[in-house]
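*Asks:* Mind having a look at this structure? Questions to follow.
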Amino acid sequence: MKSLTNRSKMVSNKKMTFLEKLYLPAILGGMVITFKHLFKKNNTLKYPEERKVFAPVYRGQHVLKRDEHGRENCTACGLCAVACPAEAITMIAGEREKGEEVLYREEKYAETYEINMLRCIFCGLCEEACPKEAIFLTDRLVEPQFEREDFIMGKDLLVEDVNNRIDISLRQLTGKRKEK
Ligand code: SF4
Ligand code: SF4
């Protein structure tokens, strides 16, 4: 009979030899494999004390950037939400009031902006779609949480602190932006 792959094995009903009935060769063979692993390099890291060096293309937790004057770049245009294949982004737009020019760069801004990190697949399409250089995926890990709702990150966690700016990732510095 013609087989679809070459991985199939014919089942044999042949009687076991005396050695096979002892099972010792098979047990010793298994032990040899186990001992070989004892001398191999251990890939386990003692996280969080030890951390892996990420590839330059790594995409981690998002940041909503501010401009050089500390104003939020995001104008709540919604393009990132439209581009997001996981429907992870939601926002409510607000109109900038008089006197708020120091807070928001344009007349429209995001009153609320949320990313559901459990839905996000870190594809980076929101970053690509953003015309205002407002959203970027950084090298940071999304912190583990105990409750599902804690993975829905709002502006308090996404917008960078005006006095503690977040570097955009090495990917951004070595890739797209350098080419410009
Ligand atoms: S990285 Fe991809 S999945 Fe995550 S919020 Fe952005 S567009 Fe959506
Ligand atoms: S992050 Fe960018 S694309 Fe998304 S709403 Fe703000 S300005 Fe628009």
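The values are calculated or read from the model by the stated rules, or taken from the named source; none is laboratory data. Computed from a prediction, not measured in an experiment: that's the story for all the values here. Cβ placement follows ideal geometry from the backbone for every residue including glycine, while neighbour counts extend to all protein chains displayed. To get the accessible areas, we keep the full protein, side chains included, count just its heavy atoms, and leave off ligands, DNA and RNA. Shrake-Rupley method; radii C 1.70, N 1.55, O 1.52, S 1.80 Å.
*Asks:* Computing the accessible area with a 1.4 Å probe over protein heavy atoms, can you report the carbon and sulfur percentage for the chain?
*Replies:* 58
*Asks:* Here is a follow-up. Just to confirm my numbers, what's the Cα centroid distance between segment 106-144 and segment 16-69 in Å?
*Replies:* 32
*Asks:* Rg to Rh for segment 1-71: what is it, with Cα atoms only and Rh by Kirkwood?
*Replies:* Reported Rg/Rh (Cα atoms, Kirkwood Rh): 1.36.
*Asks:* Further question on the same structure: Given the options SER169, VAL53, GLY29, identify the residue whose Cα lies farthest towards the positive end of the charge dipole of the chain (+1 on Cβ of Lys, Arg; -1 on Cβ of Asp, Glu).
*Replies:* The residue sitting farthest along the positive end of the dipole is GLY29.
*Asks:* Averaged across orientations, what area in nm² does the convex hull of the alpha carbons in segment 1-133 project?
*Replies:* 17.4
*Asks:* Mind ranking ILE121, ILE115 by accessible surface for me, highest first, 1.4 Å probe?
*Replies:* ILE121, ILE115
*Asks:* While we're here: Given a 1.4 Å probe and heavy atoms of the protein chains only, how would you sort ARG59, ARG7, largest accessible area at the top?
*Replies:* Sorted by accessible area, descending: ARG7, ARG59.
*Asks:* So what's the angle, to the nearest 10 degrees on a 0 to 90 scale, between helix 24-38 and the longest Cα principal axis of the chain?
*Replies:* Tilt of helix 24-38: around 30 degrees.
*Asks:* Find the cysteines in the chain that fail to meet the 4.7 Å Cβ criterion with every other cysteine, and list them.
*Replies:* Cysteines lacking a close Cβ partner in the chain: CYS74, CYS77, CYS84, CYS120, CYS123, CYS130.
*Asks:* Quick one: ranking GLU49, GLU107 by accessible area, 1.4 Å probe, largest first, what do you get?
*Replies:* I get GLU49, GLU107, largest accessible area first.
*Asks:* Right, something else. Taking the highest mean first, how do the peptides 24-33, 86-95, 134-143 order by number of other beta carbon atoms within 10 angstrom per residue?
*Replies:* Sorting 24-33, 86-95, 134-143 by mean packing, highest first, produces 134-143, 86-95, 24-33.
*Asks:* Quick check of the Kirkwood formula: for segment 62-179, what is the inverse mean of 1/r over all pairs of different Cα atoms, in Å?
*Replies:* 14.7
*Asks:* Separate question: Give a quick list of chymotrypsin sites (Phe, Trp or Tyr not before Pro) in segment 1-80 that DSSP marks as loop, anything other than H, G, I, E or B, with at most 15 other Cβ atoms within 10 Å.
*Replies:* Passing both the DSSP loop test and the Cβ count: TYR23, PHE39, PHE54.
*Asks:* Can I ask one more? Compute the accessible area per residue over segment 31-180, keeping the other protein chains in place, probe 1.4 Å, unit Å².
*Replies:* 69
*Asks:* Quick one: 3J(HN,Hα) in Hz for segment 89-104, Karplus 6.51/-1.76/1.60 with θ = phi - 60°, rounded, Gly and Pro as x.
*Replies:* After applying 6.51 cos²θ - 1.76 cosθ + 1.60, I find 9, 9, 7, 10, 7, x, 9, 5, 8, 4, x, 9, 4, 7, 9, 10 Hz.
*Asks:* Is there a pair in LYS15/LYS36; LYS46/LYS155; LYS9/LYS40; LYS98/LYS155 whose C-alpha atoms are over 25 Å apart, and which pairs would that be?
*Replies:* LYS15/LYS36; LYS46/LYS155; LYS9/LYS40
*Asks:* Calculate, in nm to one decimal, what ARG165 and ILE27 gain on full extension: separation in residues at 0.36 nm each, minus their alpha carbon distance.
*Replies:* 43.8 nm
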